[in-house]
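Trainee: Before we start, here is the structure in question, set down as structure tokens.
The values are calculated or read from the model by the stated rules, or taken from the named source; none is laboratory data. All values derive from a computational prediction rather than experimental measurement. Positions of Cβ are backbone-derived with ideal geometry, glycine not excepted, and every protein chain shown enters the neighbour counts.
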């Protein structure tokens, strides 16, 4: 009677070659089919077929699982489905927006007034206003114009589904935020009696009971415009009697960014009109940023169109940025010194630049409208912080071969892993965990031994400015006990004496509270002795160091401290550059 091996499949290996090797190994260890060359061409054809089928379904199952969750989904249609219950609308294309000042006006600028933009390659793009602007003073300031081909007064009554109370706009280039819907009741003339209906989100931003409102619902190649089926969702439309008209812009997306030359082409505006640039065109997108959707959708749902928590505010200002790493929001209780009743937003923006100043003001206006009365929003500049990383590695004793050249290649490979996966040239909300880096290193180099204690994560900077120096590193510092641990290098105090600051910390001290740094003065023989002068203090747990304004004018001072547990995370306005400085072999 044939016997079958009791082989447990290795479910952790799903590569084609691993599956194939597992099937081959199974066949070699059974006695129903004896004396076969399982590496031969005929048997390999069958094994390849089995392996391919297994590999295909493993990939398919993994893809289905990934696309079922917001965190791991990669396909836009999956994200559309996953964010629909959250009431989050994923745009298709986004029109580039520019801001201009228009002078020499003798009339108002109407809605959908046309402008022409010329890029550096000589390509012309059409831009339009989406609202009217008052020109009675002879000028209109901060006029926002959006790129796209204008679709105006398009009647879609024949596309309307009276039962489902919706119609579909089949245009994959549509900028959905420019859609305007007008309805003429009982077949009246649209140009004279049509009423504009308001776009409403699903977060209850305006009352909708018996109101003229519409909703947007994203599809793969266009947008559904939906009206209320019941009065609590807004007024319904009678597709047999009413006429429906829409306006929108069909966008060129990213191609229309970075245009700074504009002219007014609206035929209904006369006069010697001048155009002054406030902000060149920007923000045009060919498709939504997947990471930004994953970041913003749950926060928008939690915010419910109000700003109470940090996540609420992040959801409101996320559309102004390309990535969640381009900005940050934090409370006044998180900074030093604390400022209660404030919520801060920060980004790499220059208030002295007209474009950046306008973006800051637009964000501020939104937050001022949405924040609770007792909380005042405020913009703060980023604080550039450089964090350094030194790593020491060693090898397992059972390594079969080694050579200086091979060791150097592994050392370079480890450094490349850290540079490619963890280095940052300036990012908010940056986080580094040594344990994550260890996993990446040992997956590629299993002969390498590296532990969290082999990482030295530290801060080093030299200050040349006069006045109080406050360093808020937001993370616990690694300060040894019962020794004079150097915090600064040598510098001159106001008495022209060479000094340095050290931390003498004992377990009896409260590391959550500030304590004074010890001042050591340099003697004539080059040794140091303790001084009674107090030149600074620190808080170990919060990572705060203060050096008082008691230095000789023009004297620089260097600061260097290590972080606890080989870990760093920024939470406020720190724009972090993380650099792997060295990798050494022990």
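Trainee: Conditions: (1) at pLDDT 90 or above; (2) touching a strand residue (DSSP E or B) at 6+ places or on another chain (Cβ under 8 Å); (3) part of a loop (DSSP other than H, G, I, E, B). Residue 89 meets all but one. Number of the miss?
Mentor: Only one criterion in (1) at pLDDT 90 or above; (2) touching a strand residue (DSSP E or B) at 6+ places or on another chain (Cβ under 8 Å); (3) part of a loop (DSSP other than H, G, I, E, B) is unmet by residue 89, namely (1).
Trainee: In addition: Quick test for you: out of 520, 501, pick the one residue that is in a strand (DSSP E or B), within 39 Å of the chain's Cα centre (by Cα), closer than 21 Å to residue 550 by Cα and assigned by TED's automatic domain parsing to the domain that holds residue 469.
Mentor: Going through 520, 501 in turn, just one is in a strand (DSSP E or B), within 39 Å of the chain's Cα centre (by Cα), closer than 21 Å to residue 550 by Cα and assigned by TED's automatic domain parsing to the domain that holds residue 469: 501.
Trainee: Of the numbered conditions (1) in contact (Cβ under 8 Å) with a residue 60 or more places away in the chain; (2) assigned to a strand (DSSP E or B); (3) buried (at least 20 other Cβ atoms within 10 Å of the Cβ), residue 116 fails exactly one; give the number of that condition.
Mentor: (3)
Trainee: Give 409, 429, 420 a once-over and let me know the one that is surrounded by 14 or more Cβ atoms within 10 Å (Cβ to Cβ) and either modelled with pLDDT under 95 or part of a loop (DSSP other than H, G, I, E, B) (or both).
Mentor: 429
Trainee: With the checklist (1) loosely packed, with under 14 Cβ neighbours inside 10 Å; (2) in contact with a strand residue (DSSP E or B) (Cβ under 6 Å, 6 or more places away or on another chain) in hand, flag the one item residue 267 doesn't pass.
Mentor: It fails just one condition, (2).
Trainee: Would you tally the residues in segment 498-513 being in contact with a strand residue (DSSP E or B) (Cβ under 8 Å, 6 or more places away or on another chain) and loosely packed, with under 15 Cβ neighbours inside 10 Å?
Mentor: 5
Trainee: Which of the residues that make up segment 138-171 are outside any strand (DSSP E or B) and surrounded by fewer than 15 Cβ atoms within 10 Å (Cβ to Cβ)?
Mentor: 138, 158, 162, 163, 164, 170, listed by residue number.
Trainee: Return yes when residue 106 is exposed (fewer than 14 other Cβ atoms within 10 Å of the Cβ), at pLDDT 85 or above and more than 29 Å from the chain's Cα centre (by Cα) and no when it is not.
Mentor: In short, yes.
Trainee: Out of the residues in segment 265-291 that are touching a helix residue (DSSP H, G or I) at 6+ places or on another chain (Cβ under 6 Å) and outside any strand (DSSP E or B), which is farthest from residue 356 (Cα to Cα)?
Mentor: Going through the qualifying residues, I end up with 286.
Trainee: So which residues in segment 479-492 are outside any loop (DSSP other than H, G, I, E, B), crowded, with 18+ Cβ neighbours inside 10 Å and in contact (Cβ under 8 Å) with a residue 60 or more places away in the chain, if there are any at all?
Mentor: Once the filter is applied, which keeps residues that are outside any loop (DSSP other than H, G, I, E, B), crowded, with 18+ Cβ neighbours inside 10 Å and in contact (Cβ under 8 Å) with a residue 60 or more places away in the chain, segment 479-492 yields 488, 491.
Trainee: Now a separate question. Tally up the residues in segment 53-85 that are surrounded by 17 or more Cβ atoms within 10 Å (Cβ to Cβ) and in a helix (DSSP H, G or I), please.
Mentor: Number satisfying all stated conditions: 7.
Trainee: Which number in (1) modelled with pLDDT under 95; (2) within 18 Å of residue 104 (Cβ to Cβ) marks the one condition that residue 262 misses?
Mentor: The number of the failed condition is (1).
Trainee: Being more than 14 Å from residue 224 (Cα to Cα) and under 31 Å from the mean Cα position of the chain (by Cα) narrows it down to one of 172, 120, so name that one.
Mentor: The unique qualifying residue is 120.
Trainee: Follow-up question, since we're still on this one. Considering every residue within segment 363-372, establish whether at least one is part of a loop (DSSP other than H, G, I, E, B), out of contact with any strand residue (DSSP E or B) (no Cβ under 7 Å at 6 or more places or on another chain) and either surrounded by 17 or more Cβ atoms within 10 Å (Cβ to Cβ) or modelled with pLDDT of 90 or more (or both).
Mentor: First, the residues of segment 363-372 that are part of a loop (DSSP other than H, G, I, E, B): 372.
Those still in the list that are out of contact with any strand residue (DSSP E or B) (no Cβ under 7 Å at 6 or more places or on another chain) too: 372.
Those still in the list that are either surrounded by 17 or more Cβ atoms within 10 Å (Cβ to Cβ) or modelled with pLDDT of 90 or more (or both) too: none.
No; the residues of segment 363-372 include none that is part of a loop (DSSP other than H, G, I, E, B), out of contact with any strand residue (DSSP E or B) (no Cβ under 7 Å at 6 or more places or on another chain) and either surrounded by 17 or more Cβ atoms within 10 Å (Cβ to Cβ) or modelled with pLDDT of 90 or more (or both).
Trainee: Moving on. Select, from 525, 562, 549, the only residue that is part of a loop (DSSP other than H, G, I, E, B), surrounded by fewer than 21 Cβ atoms within 10 Å (Cβ to Cβ) and touching a residue at least 12 places away in the same chain (Cβ under 8 Å).
Mentor: Selected residue: 549, the only one of 525, 562, 549 that is part of a loop (DSSP other than H, G, I, E, B), surrounded by fewer than 21 Cβ atoms within 10 Å (Cβ to Cβ) and touching a residue at least 12 places away in the same chain (Cβ under 8 Å).
Trainee: In segment 299-335, what count of residues is obtained for those that are in a helix (DSSP H, G or I) and free of Cβ contacts under 8 Å to residues at least 24 places away in the same chain? Explain how you work it out, then say what you get.
Mentor: At the first step, the residues of segment 299-335 found to be in a helix (DSSP H, G or I) are 299-303, 310-320, 324-326, 332-334.
The next check asks that each one be free of Cβ contacts under 8 Å to residues at least 24 places away in the same chain; those that pass are 299, 302, 311, 314-315, 319, 332-333.
The qualifying residues number 8.
Trainee: Please state which of the following conditions residue 338 fails to meet, knowing it meets all the rest: (1) out of contact with any helix residue (DSSP H, G or I) (no Cβ under 8 Å at 6 or more places or on another chain); (2) at pLDDT below 90; (3) not in a helix (DSSP H, G or I).
Mentor: Going through (1) out of contact with any helix residue (DSSP H, G or I) (no Cβ under 8 Å at 6 or more places or on another chain); (2) at pLDDT below 90; (3) not in a helix (DSSP H, G or I) one by one, residue 338 breaks only (1).
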